[in-house]
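Heads up, the thing below is written out as structure tokens.
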Amino acid sequence: MNRYPSPVVQYSVHKQRFVAIIVLICLTLMMLAANASKASAAVDTSGLSLEADSAILMDAETGQVLYQNNADEALPPASMTKMMTEYLVYKAITEGKLSWDQVITVQENAALQIGSRVFLAEGDKHTVEELYKAMAIGSANDATVQLAETVGGSEEAFAKLMNDTAKELGMNDSHFINSTGLDRADMPEKYQPTSIEGETVMSAKDSATLARHIILTYPDFLDIAKIQSFKFRPTDKDPVVNWDWMLESNKNVTNFKKFAYPGVDGLKTGHTSKAGNCFTGTALQNGTRLIAVVMGVPGDTNDGQRFLETAKLFDYGFNNFEKKTLVEAKSTIVDHETLKVKKGAHKSVPVVTATDISALLPKGKTVEVTVNEVTPVADPLPAPIKQGDKVGTATYSYTDPATQEIVNATVDLIASEDVKKAGWFKLLMRAIGDFFSGLFNGIVDLF
């Protein structure tokens, strides 16, 4: 009797196994596709249907992201690049390196710029304020370059400063080659950078991060950004009109009133053939300031579609979220009501939170906040300690119901009462007491 199966039987068995494997693979792929479809459908439940390559909505106070789509992709930002130039020039002014009334002589690089400009000629003289307004309101490339050269010595050196600053601010998906956002090919050939490669790119998230930093660092920055128009030269026939048609102040302007949005007071538009239409906007309503960014919006520069897309983001934020206090100021922390003190009249000091922790939550939603970590500035804290002194930090964690991400929020801890330094006699008696207490415990441990 043949103990081995015939070749025909072997072939049949192998064929069955092969078919079974193919069926299993197909089922697995179908399940993965179904899960991928579900995951894809879960990415955007806002119903915004934005016409943009990239977008983000952020709370200016906390940096909390309320909505994002492709927000980390580095894309051409066009003139939104000028926000970094505006920031660095503004910083130079606040630090006393420049003054608003300082007169600047226009150089060749500025005079050779193309695109949006105020037609500066080499040798023209204008104040820093005049050039700054032309940059911030009219997005003038020539004024922007001249200010960049004044601060950095050359536009290329200024671009390096822009990149260094981007790293400091945590803008990890940004790269600058000039102060304007123009493509390399559109720069005067003589002034194209040789030590910086590539093109200028910036992600929507980085743009929002930069805008937030500007607003928080220099609150009066928006005083210029919200100016509707101004005459660059007294003899100019027409004024320089703000490219931000979304300004609330445009609600009575015939050409712009359909784009005007309550609370909008900035910030910067951008357009090139590669970038499409871009906008970083900010609006303040009922004490809440939001920052919205859209990039790569299709259409013509003059159709205003980027502002309509931005309005969708603002509507979503203001209509669906509300600010809630998650931790009250002067709250105690369970199991950490006090922190240890050395050489004090008391061995510990009661502590409370210095400020509250708040967040924008979907209306009707609540979150459970837990203490993740308590870190004293020293352990134990040295006496004396005054009421209100910072003595440590507390980190709270919660799950953001909008993004399902874990959010960590850190708040300072302060002493809620004074702790004087103990006198020498009290310290001596305490040391003696600690000695005998330790000795007694050591003896007990022997048994």
For the range 154-164, enumerate the residues that are farther than 14 Å from Asn109 by Cα and open to solvent by 10 Å² or more (accessible area, probe 1.4 Å). Lys160, Leu161, Asn163, Asp164
Looking only at the range 207-223, which residues are open to solvent by less than 40 Å² (accessible area, probe 1.4 Å) and either free of Cβ contacts under 8 Å to residues at least 60 places away in the same chain or of a type in the set (A, V, I, L, M) (or both)? Ala208, Leu210, Ala211, Ile214, Ile215, Leu222
Residue that is surrounded by the fewest Cβ atoms within 10 Å (Cβ to Cβ) [pool: residues in the range 224-252 that are touching a Gly at 6+ places or on another chain (Cβ under 7 Å) and part of a helix (DSSP H, G or I)]: Glu248
Scanning the range 368-406 for residues that are β-branched (Val, Ile, Thr) and open to solvent by 40 Å² or more (accessible area, probe 1.4 Å) gives Val369, Thr370, Val371, Thr375, Val377, Thr399, Thr403, Ile406
From Gly276, Gly299, residue being on the phi > 0 side of the Ramachandran plot and modelled with pLDDT under 95: Gly299
Candidates Lys363, Lys323, filtered to the one that is under 24 Å from the mean Cα position of the chain (by Cα), loosely packed, with under 14 Cβ neighbours inside 10 Å and under 21 Å from Gln404 (Cβ atoms): Lys363
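For the range 168-175, indicate whether the set of residues that are open to solvent by 10 Å² or more (accessible area, probe 1.4 Å) and either in contact with a Pro (Cβ under 9 Å, 6 or more places away or on another chain) or within 23 Å of Thr105 (Cβ to Cβ) (or both) is non-empty.
Yes.
If you scan the range 272-285, which residues turn out to be surrounded by fewer than 24 Cβ atoms within 10 Å (Cβ to Cβ) and over 18 Å from Lys251 (Cβ atoms)?
Taking the range 272-285 and keeping what is surrounded by fewer than 24 Cβ atoms within 10 Å (Cβ to Cβ), we get 272-274, 276, 284-285.
Passing the criteria: Thr272, Ser273, Lys274, Gly276.
Just to be sure before I move on: is Asn302 under 23 Å from Lys365 (Cα atoms), open to solvent by 50 Å² or more (accessible area, probe 1.4 Å), without any contact (Cβ under 8 Å) to a residue 60 or more places away in the chain and outside any loop (DSSP other than H, G, I, E, B) in the structure I sent? Explain how you work it out, then say what you get.
On the way: under 23 Å from Lys365 (Cα atoms): no; open to solvent by 50 Å² or more (accessible area, probe 1.4 Å): yes; without any contact (Cβ under 8 Å) to a residue 60 or more places away in the chain: yes; outside any loop (DSSP other than H, G, I, E, B): yes.
No; evaluated as a whole, the condition is false for this residue.
The values are calculated or read from the model by the stated rules, or taken from the named source; none is laboratory data. Model, not experiment: these values are computed from the prediction. We place every Cβ from the backbone using ideal geometry, glycine too, and count neighbours over all the protein chains shown. Only protein heavy atoms, including side chains, enter the accessible area calculation; ligands, DNA and RNA are left aside. Shrake-Rupley method; radii C 1.70, N 1.55, O 1.52, S 1.80 Å.
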